[in-house]
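Q: Before I ask anything, let me first share the structure, which is written out below as structure tokens.
The values are calculated or read from the model by the stated rules, or taken from the named source; none is laboratory data. Computed from a predicted structure; not experimentally measured. Cβ coordinates were reconstructed from backbone atoms using ideal geometry, including for glycine residues, and neighbour counts include every protein chain displayed. Please note that ligands, DNA and RNA were not included when accessible areas were found on the heavy atoms of the full protein model with its side chains. Shrake-Rupley method; radii C 1.70, N 1.55, O 1.52, S 1.80 Å.
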Number of protein chains: 4
Amino acid sequence: LTKNLLEDVKKIFKTTSGTPFLIPTTGTGAWESALTNTLSPGDRTVSFLIGQFSLLWIDQQQRLKFNVDVVESDWGAGADLDALASKIAEDTAHTIKAVCIVHNETATGVTNNLATVRKILDHYQHPALFLVDGVSSICALDFRMDEWGIDVALTGSQKALSLPTGMGIVCASPKALEASKTATSVRVFFDWNDYLKFYKLGSYWPYTPSIQLLYGLRAALDLLFEEGLDNVIARHTRLAKATRLAVDAWGLKNCTQKEEWFSDTVTAVIVPSYIDSAEIVRRAWKRYNLSLGLGLNKVAGKVFRIGHLGNLNELQLLGCLAGVEMVLKDVGYPVTLGSGVAAASAFLQNTTPLIPSRI
Amino acid sequence: LTKNLLEDVKKIFKTTSGTPFLIPTTGTGAWESALTNTLSPGDRTVSFLIGQFSLLWIDQQQRLKFNVDVVESDWGAGADLDALASKIAEDTAHTIKAVCIVHNETATGVTNNLATVRKILDHYQHPALFLVDGVSSICALDFRMDEWGIDVALTGSQKALSLPTGMGIVCASPKALEASKTATSVRVFFDWNDYLKFYKLGSYWPYTPSIQLLYGLRAALDLLFEEGLDNVIARHTRLAKATRLAVDAWGLKNCTQKEEWFSDTVTAVIVPSYIDSAEIVRRAWKRYNLSLGLGLNKVAGKVFRIGHLGNLNELQLLGCLAGVEMVLKDVGYPVTLGSGVAAASAFLQNTTPLIPSRI
Amino acid sequence: LTKNLLEDVKKIFKTTSGTPFLIPTTGTGAWESALTNTLSPGDRTVSFLIGQFSLLWIDQQQRLKFNVDVVESDWGAGADLDALASKIAEDTAHTIKAVCIVHNETATGVTNNLATVRKILDHYQHPALFLVDGVSSICALDFRMDEWGIDVALTGSQKALSLPTGMGIVCASPKALEASKTATSVRVFFDWNDYLKFYKLGSYWPYTPSIQLLYGLRAALDLLFEEGLDNVIARHTRLAKATRLAVDAWGLKNCTQKEEWFSDTVTAVIVPSYIDSAEIVRRAWKRYNLSLGLGLNKVAGKVFRIGHLGNLNELQLLGCLAGVEMVLKDVGYPVTLGSGVAAASAFLQNTTPLIPSRI
Amino acid sequence: LTKNLLEDVKKIFKTTSGTPFLIPTTGTGAWESALTNTLSPGDRTVSFLIGQFSLLWIDQQQRLKFNVDVVESDWGAGADLDALASKIAEDTAHTIKAVCIVHNETATGVTNNLATVRKILDHYQHPALFLVDGVSSICALDFRMDEWGIDVALTGSQKALSLPTGMGIVCASPKALEASKTATSVRVFFDWNDYLKFYKLGSYWPYTPSIQLLYGLRAALDLLFEEGLDNVIARHTRLAKATRLAVDAWGLKNCTQKEEWFSDTVTAVIVPSYIDSAEIVRRAWKRYNLSLGLGLNKVAGKVFRIGHLGNLNELQLLGCLAGVEMVLKDVGYPVTLGSGVAAASAFLQNTTPLIPSRI
């Protein structure tokens, strides 16, 4: 079971050279695994602060005693890759040991361009490790570990795989594995070496894994491959586009500032200043059993979030959009009921789904 | 387990004097149980032909060798209770042994007025048994076995109880039990006497029941009582009204001819003559994974049906309506996308749900 | 799904020419289906009374108005096939329309020889239908519908298939289907013609089946075919032999009077007259959570039954036998603890299981 | 849900003053959580090496940079508490920061006396923290966190709670929480402070927990409290005693050297030198689907282990013992089949279970 899973799970990262680890932990633990196995206390990292989840990862990096070079952007903007380019250009001494980036910032609905990060590093022939949080992107957004030269990529079981929480999936490039040999960050539970030792022995596990989650991963991968990974990604693109059309029709603004950063897994919507977005989230849940995302931290009260990743189809999305419309009206925003649904369904009705329906 | 179930299941029929039977069978078997335990071959029954399910029950009555006095209506009309009144008035010799009526005709979305049936029988002091198919009504529509003097009422596990198929739930009045003592229809598997014998012994079952379905029934009743049976019925009323408003907004006609017959569990929609309703059902399933009901028999190709019973909430219904709109457009009907959703959600948004949301 | 199930389910009957029906009912309903589709009121049947389940079937035959020629044996003996031979020999007028026999009488642990029944019928070229209750035999004992010329065979989902109760599986030979065209027994729910009509249409179901049980049947058949039907039968033979060796070791007598009738799915054990077997069953359940079978009717208080069919392995059986030993001692029978387990495990340890273990 | 769980889970530790943490990790992670939150690199710990699991914990302590004072015993002996007493007596400077002990060493079936550890610390008024691995003891063996003055106790979801792997349950005394304020071990994922922050906010989780495991824990605790925690412990005592009697009857030796250390959750059995215990484990699984434990590390090939913790009853244990007997005979050990079962069942049959059976 594990042997096949380790082989098949590489496909969701689009890697053939990577080594995956199925760690009984959450996304936070997967972050810690990525960092402590490849870096040493005091190492300089460049990390982008663009929303709540990138903030938390930076906080972890600081608490793990790395020297974090924080590149901040507006919440709603993508990672400032020009700033990255400058820093990389200047760093001829190669003091930067890793570039850490969240592929998709769930708090603001921003997707960063990983290919550009790789281009910058290559342009300056900079050896920094390239560490990517793919929690809300992998299996939903276009992700190419090998092509983009990503050194550590990670996700969690409870996002696009639609499994229960409890498994952090981390994938390390050969360069990352090499780095782990000299990285001096203290680690035991998260230590890749223990895994690698048991991989060699063929018993695979340094401690008891959750058999249930392993069978779950098997089923999730089978469903994914049956639909086709590229079809799954195209489905996310299509549903996200429909969502954004609805937001436009409501006359509301996307928190994401430019089209190039639009996220196909979550849309953060800015509400007028006279409305508290938390009230929208509260009413949606209480009155319609609809689970929206709160605005977090800097955007608290200002945005609410519509998630559209994982096992979702057209009608579930349209039902959700209809619910948002009713809640917007409930809280006093002058929306025309049906307007968002109309815009979204006009798009959906005119575009062919790439996948055949399944029973 | 069984003892409590037998006590609690009476509540869904609103009866205190009835005796319930939980039979390992389907709705068709429940019909057979109702008829063979109370009637003898050759007995005259009055039965109303108003759609496919009433047709099938009449067919069963005929094959079981009863003398069926069929009262036919247009498909889309309710049972002709004036005709019933005449027959009952004329039948001073009491040759009519039973009035058999489908409470809610699923094929046409027609709900019959059971209280009126009782009034007619009472007015003429006619002793005919009153047998009611409540398959698509009980636990979803207002149903009062004792108040309306119903002698046998029946439903199935897979309808408003949202359980798997496999349990026919039949409830007999004291008068029906009395009739079973002299009814000569041949029956063994469906014989109430075998059940009654084991009820007395306290072992309850003449043959092995499905323990799984009994636990399922326990859970379904608990959910029902937690929400409140009257709240469940009000929820069905509310969602059905929203559905009918959407149909109006689309410019389509309800198959149900008069408001008094509108069904709160299913809406049958008439399509223009240039459209084949079966194509709507096929595309809804194939393209949007949306399960609509076909037009059956006389209304084949002419109507499609939207079911709205059981475990359903506002957003699921609105998602379904959005799907119907897209399919209507797909097949060439000039619908304004969003129009039905707008009409339905305007109603839903302005009316307070009677039940608090649950996690 | 249904199409493949109907094809695959024939394998458990070892028939290629039979037509299977998957009826939402219990074993009792399957009996009724077998009888009412092939016989007419007043038809003469020969039926063997050898225990509680054959008794119940005879009762059903009588209530369905057949003229039942009952051949009685001691409880513990097999069907009296000499008596059958005489009756068949004498019946040159072919008044006997069907021979009805329970393959394995669960109440006494008796397996009847179906091949001999066929030989008798063939020897006298008698056209009687051959109807077999295979509820506690099919998928566990050697059963050959085509080879033994069985006209209707039936089983239930909850026996050797280890599924929940709720599906009666009936298989009819071409001769039985032919008989159904003229059989005048009243039937609707159980009528094969309704099934056959929908088989032709390709929609398969005259009424809503339990999808859950159909998926269950799919899984049960897959498990069965993976182990191999013949291996499954050999496993039952092996575990039954071990059980009988334990009974011998305890110094108790098998209720089954001759070795030729020993059942490989259930062993009925006679207790000394000073012990009430019901007390054994009660204590086994209360003290050890062990479910034994009561002695029924004529053998009430005199026998208890050890079931060994379905999904059972060596250690589960030995645990059960150890439990029986403790209960026997509890109720005052002078058993040597461990003696039955020793006898059974000596046999099991020295014989090679035919099947590899599975995870 | 979480609020009630945090309250109820304290009962399994028998603490009222402790603070529990439900961490999405395994036992290994729970160890790391206990150590890094209370200790700083360089801190001196006393730790007992008595088998494979204590060895692994010591390895973790060393890799986390503590100064581990290892007290080694024979594998099969308990922790050397005399040595502890000497060290504590000598340590008037209080250089020992923590005593780390595995309550039940799973590899050798040894249970250590925690009350004595507390007595030693109290006798010398030594302030060392008292950290206990209760993975294979809590909910199965007598465990009293408050009474024995334990500072951190921990277990995992997959042991006596019979849940899937994935939740480390750690409970900290007020003194441990105090220590966490100054402990400088680097930690983020395992940091109690993050939990405590969210406890105060009433949102409870610093990152996404597994809802499924939380519901599972609710169900496991309900079952435990329904049986009664003390009854559960008594059941383990009773089944363990029966197991040891079987081992005696087979003429084999318990790996545990003295009765005071006998474990009531696992029995390690020494095989004669001419037998490879791994072969016993292999055959038990392959031939009888029986899962025994391998001898680990120093006792590899020399012992096999019978686990008897969690949801287990008499007959399951006896079936397992019968299986062991057959395997012993298979590998050439001259055991009398039935002898162990006889010894065990004689004990079980003569002692009254403390708990009523349940359905």
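Q: Here are D:Val324, D:Val281: which of them is within 11 Å of chain C (Cβ to nearest Cβ) and either in a helix (DSSP H, G or I) or open to solvent by 40 Å² or more (accessible area, probe 1.4 Å) (or both)?
A: D:Val324
Q: Moving on. In region A:149-180, how many residues are in contact with a strand residue (DSSP E or B) (Cβ under 8 Å, 6 or more places away or on another chain) and part of a loop (DSSP other than H, G, I, E, B)?
A: Residues flagged as in contact with a strand residue (DSSP E or B) (Cβ under 8 Å, 6 or more places away or on another chain) and part of a loop (DSSP other than H, G, I, E, B) within region A:149-180 amount to 8.
Q: Is it the case that region A:80-92 has a residue that's open to solvent by less than 20 Å² (accessible area, probe 1.4 Å), within 14 Å of chain D (Cβ to nearest Cβ) and over 16 Å from the mean Cα position of the chain (by Cα)?
A: no
Q: Here's another thing I want to ask about it. Please specify each residue of region B:336-354 satisfying the condition of being of a type outside the set (Phe, Trp, Tyr), farther than 18 Å from A:Ala242 by Cβ and open to solvent by 10 Å² or more (accessible area, probe 1.4 Å).
A: B:Ala343, B:Ala346, B:Gln349, B:Asn350, B:Thr351, B:Thr352, B:Pro353, B:Leu354, listed by residue number.
Q: Quick one: how many residues across region A:2-54 are more than 14 Å from chain D (Cβ to nearest Cβ) and of a type in the set (A, V, I, L, M)? Spell out how you get there, then give the answer.
A: So the first thing to find is which residues in region A:2-54 are more than 14 Å from chain D (Cβ to nearest Cβ), and the list is A:3-20, A:38, A:44-51, A:54.
Next, only the ones that are of a type in the set (A, V, I, L, M) stay: A:5-6, A:9, A:12, A:46, A:49-50.
Selection size over region A:2-54: 7.
Q: Based on what the data block shows, is D:Ala219 assigned by the TED database to the domain that holds D:Lys329 and either of a type in the set (A, V, I, L, M, F, W, C) or in contact with a Cys (Cβ under 8 Å, 6 or more places away or on another chain) (or both)?
A: Judged against the criteria, D:Ala219 is not a match.
Q: Now for a separate question. Taking A:Ile359 and the conditions (1) modelled with pLDDT under 95; (2) under 26 Å from the mean Cα position of the chain (by Cα), which numbered condition does it fall short on, given that it satisfies the others?
A: (2)
Q: May I ask you to verify whether B:Ser291 is of a type in the set (Ser, Thr, Tyr), within 14 Å of chain A (Cβ to nearest Cβ) and under 26 Å from B:Val232 (Cα atoms)?
A: When the stated conditions are applied, B:Ser291 passes them.
Q: Between a first residue in region B:237-260 that is not assigned by the TED database to the domain that holds B:Gly338 and among the small types (Gly, Ala, Ser) and a second residue that is assigned to a helix (DSSP H, G or I) and open to solvent by less than 10 Å² (accessible area, probe 1.4 Å), which pairs have beta carbons less than 8 Å apart while being 6 or more apart in sequence or on different chains?
A: Filtered contacts from region B:237-260: no entries.
Q: I would also like to ask the following. Would you please name the residue that is farthest from the other protein chains (Cβ to nearest Cβ), looking only at residues in region D:145-184 that are more than 23 Å from the chain's Cα centre (by Cα) and open to solvent by less than 40 Å² (accessible area, probe 1.4 Å)?
A: D:Ala179
Q: Turning to a different aspect of this structure: Output the residues belonging to region A:113-133 that are over 20 Å from A:Arg44 (Cβ atoms) and open to solvent by 10 Å² or more (accessible area, probe 1.4 Å).
A: Of everything in region A:113-133, those that are over 20 Å from A:Arg44 (Cβ atoms) and open to solvent by 10 Å² or more (accessible area, probe 1.4 Å) turn out to be A:Asn113, A:Ala115, A:Thr116, A:Lys119.
Listed here are the residues, each with its yes/no results for (1) farther than 24 Å from A:Ile138 by Cβ; (2) open to solvent by 40 Å² or more (accessible area, probe 1.4 Å); (3) part of a helix (DSSP H, G or I).
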position	(1), (2), (3)
A:Lys286	yes, yes, yes
A:Leu290	yes, no, no
A:Lys298	yes, yes, yes
A:Cys320	no, no, yes
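Q: Take the residues in region B:185-219 that are within 11 Å of B:Thr2 (Cα to Cα) and open to solvent by 70 Å² or more (accessible area, probe 1.4 Å), then tell me which one is farthest from the other protein chains (Cβ to nearest Cβ).
A: Looking at the filtered set, the residue picked out is B:Tyr215.
Q: Next question, about the same structure. Taking the stated definitions as given, is C:Ser339 farther than 25 Å from C:Leu224 by Cα, touching a Phe, Trp or Tyr at 6+ places or on another chain (Cβ under 6 Å) and modelled with pLDDT of 95 or more? So that I can check it myself, show each step before the final result.
A: Working: farther than 25 Å from C:Leu224 by Cα: yes; touching a Phe, Trp or Tyr at 6+ places or on another chain (Cβ under 6 Å): no; modelled with pLDDT of 95 or more: yes.
No; evaluated as a whole, the condition is false for this residue.
Q: Here is a further query. Where the second residue is open to solvent by 30 Å² or more (accessible area, probe 1.4 Å) and of a type in the set (Lys, Arg) and the first is within 25 Å of C:Val303 (Cα to Cα) and lies in region C:72-87, which pairs have Cβ atoms under 7 Å and are six or more apart or on separate chains?
A: Once the first residue is within 25 Å of C:Val303 (Cα to Cα) and sits in region C:72-87, its partners that are open to solvent by 30 Å² or more (accessible area, probe 1.4 Å) and of a type in the set (Lys, Arg) give C:Trp75/C:Lys298.
Q: While we're here: Considering region C:342-356 alone, what residues qualify as being under 27 Å from C:Ser136 (Cβ atoms), more than 25 Å from the chain's Cα centre (by Cα), modelled with pLDDT under 95 and more than 8 Å from chain D (Cβ to nearest Cβ)?
A: Listed by number, the residues that qualify are C:Thr351, C:Thr352.
Q: Looking at D:Thr95 and the list (1) farther than 30 Å from D:Phe304 by Cβ; (2) open to solvent by 30 Å² or more (accessible area, probe 1.4 Å); (3) out of contact with any strand residue (DSSP E or B) (no Cβ under 8 Å at 6 or more places or on another chain), which single condition is not satisfied?
A: Going through the list (1) farther than 30 Å from D:Phe304 by Cβ; (2) open to solvent by 30 Å² or more (accessible area, probe 1.4 Å); (3) out of contact with any strand residue (DSSP E or B) (no Cβ under 8 Å at 6 or more places or on another chain), D:Thr95 breaks only (3).
Q: Looking only at residues in region A:253-273 that are in a strand (DSSP E or B) and among the polar types (S, T, N, Q), which one is surrounded by the most Cβ atoms within 10 Å (Cβ to Cβ)?
A: Top of the filtered list is A:Thr267.
Q: Of the residues that make up region B:134-144, is at least one among the β-branched types (Val, Ile, Thr), within 30 Å of B:Ile270 (Cβ to Cβ), assigned by the TED database to the domain that holds B:Thr2 and surrounded by 24 or more Cβ atoms within 10 Å (Cβ to Cβ)?
A: yes
Q: Follow-up question, since we're still on this one. Just to be sure before I move on: is C:Asp59 closer than 24 Å to C:Glu147 by Cβ and without any contact (Cβ under 8 Å) to a residue 60 or more places away in the chain in the structure I sent?
A: Numbers: closer than 24 Å to C:Glu147 by Cβ: no; without any contact (Cβ under 8 Å) to a residue 60 or more places away in the chain: yes.
No, not satisfied.
Q: I'd like to check something: does region C:327-335 contain any residue that is in contact (Cβ under 8 Å) with a residue 12 or more places away in the chain, farther than 17 Å from C:Ile275 by Cβ and either of a type outside the set (Val, Ile, Thr) or surrounded by fewer than 23 Cβ atoms within 10 Å (Cβ to Cβ) (or both)?
A: No - not one qualifying residue is present in region C:327-335.
Q: Six or more apart or on different chains, Cβ under 7 Å: which pairs go from a residue in region B:277-289 that's over 19 Å from B:Thr267 (Cβ atoms) and assigned by the TED database to the domain that holds B:Met326 to one that's crowded, with 16+ Cβ neighbours inside 10 Å and of a type in the set (S, T, N, Q)? Could you list them?
A: That search, which allows pairs on different chains as well, returns B:Asn289/A:Asn313.
Q: Here's a follow-up. Say we look at region A:305-318 and pick out the residues that are within 7 Å of chain B (Cβ to nearest Cβ) and aliphatic (A, V, I, L, M); which of these is surrounded by the most Cβ atoms within 10 Å (Cβ to Cβ)?
A: A:Leu318
Q: Same structure, new question: Check whether at least one residue in region C:210-224 is modelled with pLDDT of 95 or more, at negative phi and polar (S, T, N, Q), and report yes or no.
A: no
Q: If B:Lys181 meets every condition in (1) over 15 Å from B:Val102 (Cα atoms); (2) in contact (Cβ under 8 Å) with a residue 12 or more places away in the chain apart from one, which number is that one?
A: Among (1) over 15 Å from B:Val102 (Cα atoms); (2) in contact (Cβ under 8 Å) with a residue 12 or more places away in the chain, the lone unmet condition for B:Lys181 is (2).
Q: Which of the residues spanning region D:41-79 are part of a loop (DSSP other than H, G, I, E, B), under 20 Å from D:Thr108 (Cβ atoms) and open to solvent by 60 Å² or more (accessible area, probe 1.4 Å)?
A: Just the residues of region D:41-79 that are part of a loop (DSSP other than H, G, I, E, B), to begin with: D:41-43, D:50-51, D:64-66, D:73-74, D:76, D:78-79.
With the extra rule that they be under 20 Å from D:Thr108 (Cβ atoms), the set shrinks to D:50-51, D:73-74, D:76, D:78-79.
Listed by number, the list holds a single entry, D:Asp74.
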